[in-house]
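Scroll down for the structure; my scribbles are underneath it.
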Amino acid sequence: MNTAGTIDRPSTREPQPRHLPKQDPMTADFDSTDHTANDANSSRQNRNRQMQLMPESLARAHMNDRLHEAETERRALRVSSARRLQRRAERASLRARRALAMAVMQ
């Protein structure tokens with residue numbers, strides 16, 4: 001493979017413009033297409049590169065899923081601890097209110 005770039009950072013290439021011969025639509029023969037060996041080699045190289053990059057993209061997708069799961073779990077833990085602290089604060093508030101009421105009543 002003589003293309004620039006690495007497996008980690010493949011180089012992007014703009015699509016090459018194709019110069020198609022002008023044909024009369026009435027007499028055009030649609031079955032005759034000109035495939036060269038160069039096209040076959042380049043498509044084979046692209047397919048090989050895509051096959052090499054597949055495990056990387058799968059690993060990236062898996063890591064993104066894991067990061068999303070971890071973030072969701074962290075958020076859930078934060079919410080549950082906030083609720084626990086809120087209940088604790090409410091109990092402390094009720095205790096203080098009762099203590100104040102007891103002090104006023106005596």
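Bear in mind these aren't lab numbers, they're just calculated from the coordinates by the rules spelled out. Small disclaimer: the values here were computed from a predicted structure and weren't measured. With ideal geometry, Cβ positions are generated from the backbone for all residues, glycine too; neighbour counts draw on all protein chains shown.
In a fully extended conformation the segment linking R78 and Q106 would gain 5.9 nm over its present Cα-Cα distance, using 0.36 nm per residue.
Charge tally for A103 (other residues, Cβ to Cβ under 14 Å; Lys, Arg +1; Asp, Glu -1): +3.
Karplus-based coupling profile of the range 59-64, in residue order and whole Hz: 5, 4, 4, 5, 5, 4, with θ = phi - 60° in 6.51 cos²θ - 1.76 cosθ + 1.60 and x standing for Gly or Pro.
Just add up the charged neighbours of H68: K/R +1, D/E -1, any other residue whose Cβ is under 12 Å from the Cβ of H68.
With Lys, Arg at +1 and Asp, Glu at -1, the net is -1.
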